[in-house]
Amino acid sequence: MSLARRIFLLVSGAFVVLLSITAAAIALSFSGTLVATTEATLQLVMQQNQRIVNAALTRVDELVVDLDNDRYLYEQLVRRVDERSVDQSIARQEIGRHLTRSVYVPLRTSFSRVNYWFFVDERASASNLYRTATFPASRISTTAQASGQPFLAAAIAADGRVAWSSDPARPGRIRAASVIRGLFSPVAIPDLGILLIELDAADLLGDVQRSDVGGRSRYLLFDPAGTLHPVDAEPPTALPAAVWQVLRGTDVATRPIADADRLYSVLRLDNGWQLVGITPIDGVNQHYLRVANVIALITVIALGVVLLLSFIIARSVSRPIASLAHAMRQANLTGTPALADRESRDTLEIAALYAAYQAQISHITQLLAQVYQAGIEVKQAEIRALQAQINPHFLYNTLDAISWSARDQGVADVPAIVSSLANILRYSIDDSERAATLAEELAIVTDYLAIQNYCYGLAITLDATDMRELVGSVPRLTLQPIVENAIQHGFLEHGVRDGIIRLRGVVHPGGTTIEIENPGPADVPALQALLDGPAPPRRHGIRNVHRRLRMLFGDAAGLSFHTAAGGGLVVALHLPTLDRPAGAG
């Protein structure tokens, strides 16, 4: 038997044995793991569906938060309107157009079928414009028109959060109601009114149904009271007892519940409701049957390729050896050692392959360097984007306050406010990539505090005595978002008009910690969880500062929270070690 034939039989036999063992192992384990794999895949899909629905619910929450911060809506609702019918008609049109832009237009980008109503609080001046409006004929009316409606009591009980419910008279429709706060004057008019949004259940789950893994899955919605809200027109499906135990909270489901020929997945949504997915097992198994057929086809093709490769390998290995043996025989006969031209060509081909390999390695090295440089550029771009996200809304409020003061009162402190605002604008725009000194950062915080005191009639002071011993540089706009958060949540939310925000600097072997303390109470665990979780729109500035510090200095940098000895909140800002001047304690 020739060497080529022996190599062919040896290599092909080894590959065939390995393929046979692999195919047998797959055949034995495939039937046992099919259901487990199906359940795991379905669980992943349902978790993705859970995130899709939660994202839709979050869009409604974000819209409510935007209305809470809508200064223009606040001014329109509290502004007194002349008794003339023309003025009243213009005011109603302006409020209606603004609510359409602020509520209906954003919702229409996410939901195909949506409706809304706004009930003006009886204490607001604009309520006089809608005394004769009725619900649901009018989109805007007064809270008196909603009296006795279930959604009104639910919205009041939710205390600023979105309360989800349904209308028994309209199956398949889901309602979201929330109290809209008057954040710009919480003492005079704490509530501007009630916002009611009505969505179609099938519309809410549209993206979920389009992502269905089985092709025939059904979905049911259950509110916290256990009331069923079917998504489609089919009759309700009788659920197994195990599913009802999970819905009532007496059991926990970590994987889909199998019953007869269906799989049931129960997932809790962010609004307290529960989503139940019902998937036929045979509908899911069709995917795996197709995969099994593909695997069988690939195995046959692989067997043919193995035989071909075995033949090529046998020839490529035996050829140079045969050529060498022939040359050696010739040398024995003639006494002159020589190699055949074919052997020379084979040697050159191997050399060419080696050269190509070296070229590929060099190319891969260049690509890795390019990817590394691209990663640095992307990281820098993200840092600049995060820095640009820090909330500049107070500038608009400042300009508004200056405009009204200059127009109506002519107060003398307008130049000082304009100077502080100019300093902040110059500081934010001028070379934003360059780090700032602590003195520059404290100066901007002082200007910012002066503006806030002026705009809101506050008497808050900044005590940075312990910071004077620190020198060094920090990223721009690091302290300002924290001070802004302290003013908003430590003073304004609790109706406190005066107080002290204290800044302390501590240098220790592991770096430098700057503590910013305000007297307002806070939920420290919730704030700490905010740093690594999805940031609510009104608190993204703190999270952006935390992420920017970690990008610049590593995981040891960033923010943390704890309660002060006197009961206030302390925000600890961790940085690399800053310098102290010579002789400082």
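FYI, it's all coordinate maths here, none of it is from the lab. Because the structure is predicted, anything quoted here is derived from the model rather than measured. Positions of Cβ are generated from backbone atoms using ideal geometry, with glycine treated the same way; all protein chains shown enter the neighbour counts.
See the values below:
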quantity	calculated
Estimated inter-spin distance, Glu122 and Asp555, nm [label 7 Å along Cα→Cβ]	5.7
Packing-based order for 13-21, 553-561, 273-281, using average beta carbon neighbours within 10 Å, highest first	273-281, 553-561, 13-21
Segment 113-137 residues near the modelled Ala169 label - backbone nitrogen below 13 Å, point 7 Å along Cα→Cβ	135-137
Extension gain from Thr461 to Val86, taking 0.36 nm per residue of separation minus the Cα-Cα distance	130.3 nm
Separation in nanometres of the label points that stand 7 Å from Cα toward Cβ, at Asn115 and Arg59	2.0
Overall Cα dimensions of segment 469-545 - principal axes, largest extent first, Å	36, 32, 23
Neighbour-limited loop hits for GluC sites (Glu not before Pro), segment 64-147 (at most 11 other Cβ within 10 Å; DSSP other than H, G, I, E, B)	Glu83
Theoretical gain in end-to-end length, Arg161 to Arg248 [0.36 nm per residue, Cα-Cα removed]	29.0 nm
